[in-house]
Amino acid sequence: MTDFASIAPRLAEQAIELPSWAFGNSGTRFKVFTQPGVPRDPFEKVSDAAQVHKYAGLAPTVALHIPWDKVDDFAALSRHAADNGVGLGTVNSNTFQDDDYKLGSVTHSDPRIRQKATDHHFACIDVMNETGSRDLKIWLADGTNYPGQDDMRARQDRLTDSLSKIYERIGENQRLVLEYKFFEPAFYHTDVPDWGTSYAQVAALGDRAMVCLDTGHHAPGTNIEFIVMQLLRLGKLGSFDFNSRFYADDDLIVGAADPFQLFRILVEVVRGGGYGADSDVAFMLDQCHNIEDKIPGQIRSVLNVQEMTARALLVDTEALAAAQAAGDILAGNGILMDAFYTDVRPMLAEWRESRGLFADPMAAYAASGYGASIIDGRVGGNQAGWGA
Ligand code: PSV
Ligand code: MN
């Protein structure tokens, strides 16, 4: 197997973007739980995200969600991020929390509502221009609940039309990334349910339109690493939204439900050139921490991705290629499993220390007192959550 020392330099190339919404209150449709110390505004969300980077050393940017993270002065938010050692990243649009969008947003049959949804994306691009963000990430709740409710073909055509208007607006150095999800909140059909639909839509737009793969957005049993391989092969994998699921869009800590799946995904990422300084594939988390502490939840998450990345980098690719060429099934499988079963945690701890980082980021954060300071300090105001 490849040894850790030879892959160590590559680990420094990793950057994982954090979602601002991971730091706000969240829950299920049954209950949104509040936690003491939760941010009251985007500035405090960025401060919390900066803690994750301070302790884990691999989460240098924060994704924004508009309008949840709308502020009067985005330059001031960018400065606040920089002062805390991080930057602002992807801008996520939101066309799923307005009564007008009950029957859809950019796919709606009413041109007024389609225009409203398109204008919202234009406003997101204005934010990107202020923050210097590269990616506009679009996830649509559009779909129907009943057969016959609307014409699926017409909706797909309206989607193409709206996306092309949005795409025309993005700058030369910006990208549009279109996320897919197979169900929810629409239950009969979803307008962008799968990678194929997202791919068909973005391929028609142009080079700066890519697919976003959210690991939680597939039917049980889907071979996600195959999709990763295919999108990388086609040059259309724009970004990852990492999280874990047991059942549906659970948004649990990445690597918690099925670490082996995360490993397999990262093996294909590395194999396909989607990892490292030369790749444009964005690694992001899209998670909520409904019952556990949010900042340590995010620290644990980025460490999980780092651990599985290290294991993926450890795969002896030469030996694997030889086994595959020889048709040696068990050798090929064994080479992959050797890397997967390597406990890289002690080596990562040493590697972190050698770079002036904390050997144990979870323990260092716990000892820092930051958690208690925000509980004491954030008194009054309205905590951020799914509406703000
Ligand atoms: C809804 O399913 C969702 O979790 C999507 O994955 C988006 O990326 C995220 O919300 C933020 O809009
Ligand atoms: Mn997502």
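The values are calculated or read from the model by the stated rules, or taken from the named source; none is laboratory data. This structure is a prediction, so every number in the text was calculated from the model and none was measured. Neighbour counts run over all protein chains shown; Cβ positions are idealised from the backbone, glycine included. Calculation scope for accessible area: heavy atoms of the full protein, side chains included, ligands and nucleic acids excluded. Shrake-Rupley method; radii C 1.70, N 1.55, O 1.52, S 1.80 Å.
Tell me the carbon and sulfur percent of the accessible area for region 14-315, rounded to whole percent, probe radius 1.4 Å. Kindly include the intermediate steps, with their values, before the conclusion.
Values: 5820 of 11700 Å².
It is 50 percent, rounded to a whole number.
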Hey, what number do you get for the chain at 222 nm if only DSSP H runs of n ≥ 4 count, each worth -39500 (n - 2.57), divided across all residues, to the nearest 500? -14000 deg cm²/dmol
In straight Cα distance, which lysines are under 27 Å from Lys181, not counting same-chain residues fewer than 8 positions off? Lys31, Lys45, Lys70, Lys102, Lys116, Lys137, Lys165, Lys236, Lys294
Long-range HN-HN contacts of Lys137 with modeled amide H, under 5 Å: Val91, Asn92, Ser93, Val177
Provide Rg and Dmax in Å for region 194-242, with only Cα atoms included in the calculation. 10.4, 31
Beta bridges per DSSP with both ends in region 14-315, % antiparallel, nearest 5: 15 percent
To the nearest 0.05, what FRET efficiency results for Ser164 and Phe30 with a Förster distance of 35 Å applied to their C-beta separation? 0.35
Once phi is turned into ³J(HN,Hα) by the Karplus curve 6.51 cos²θ - 1.76 cosθ + 1.60 with θ = phi - 60°, what whole-Hz value does each residue of region 144-156 show in order, with x for glycine and proline? 10, 9, 9, x, x, 4, 8, 8, 4, 5, 5, 5, 5
For region 1-81, projected area of the alpha-carbon convex hull averaged over all directions, nm²: 8.1 nm²
Fully extended contour minus Cα-Cα distance, from Leu234 to Ile329, at 0.36 nm per residue: 31.5 nm
Once the Cβ-Cβ distance between Ala203 and Asp100 is put in as r, and R0 is 22 Å, what FRET efficiency do you end up with, to the nearest 0.05? 0.15
With Rg from the Cα atoms and Rh as the Kirkwood inverse mean 1/r over Cα pairs, region 273-388 has an Rg/Rh of 1.12
Any idea what the relative contact order of the chain is, in percent, if you count C-alpha pairs under 8 Å spaced at least 6 apart? 21 percent
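Given a Förster distance of 35 angstrom, what is the FRET efficiency for Glu350 paired with Asp258, based on the Cβ-Cβ distance and rounded to 0.05? Let's see the in-between values first.
Values: r = 27 Å, r/R0 = 0.78.
After rounding to 0.05, the efficiency reads 0.80.
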Multiplying the sequence separation of Thr2 and Tyr188 by 0.36 nm and subtracting their Cα-Cα distance, what value in nm do you get? 62.2 nm
May I ask you to compute the full-extension gain from Asp293 to Gln149, defined as 0.36 nm times their residue separation minus their alpha-carbon distance, rounded to one decimal in nm? 47.7 nm
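State in Å² the accessible area per residue of the chain; use a 1.4 Å probe, count heavy atoms of protein chains only, and round to the nearest integer.
44 Å²
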How do 262-273, 139-150, 104-115 rank on mean C-beta neighbours within 10 Å, highest first? 262-273, 104-115, 139-150
Got a sec to turn the phi values of region 4-15 into Karplus ³J(HN,Hα) couplings, 6.51 cos²θ - 1.76 cosθ + 1.60 with θ = phi - 60°, whole Hz, x for Gly and Pro? 4, 4, 6, 9, 3, x, 5, 5, 5, 7, 7, 9
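Going by average Cβ neighbours within 10 Å, how do the peptides 341-354, 43-56, 186-199, 64-77 rank, with the highest at the top?
In decreasing order of mean packing, 341-354, 43-56, 186-199, 64-77 become 43-56, 186-199, 64-77, 341-354.
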Quick one: 3J(HN,Hα) in Hz for region 234-248, Karplus 6.51/-1.76/1.60 with θ = phi - 60°, rounded, Gly and Pro as x. 8, x, 10, 8, x, 7, 10, 9, 8, 5, 10, 9, 9, 10, 9
Given all pairs of different Cα atoms, what value in angstroms does the Kirkwood hydrodynamic radius of region 14-315 take? 19.4 Å
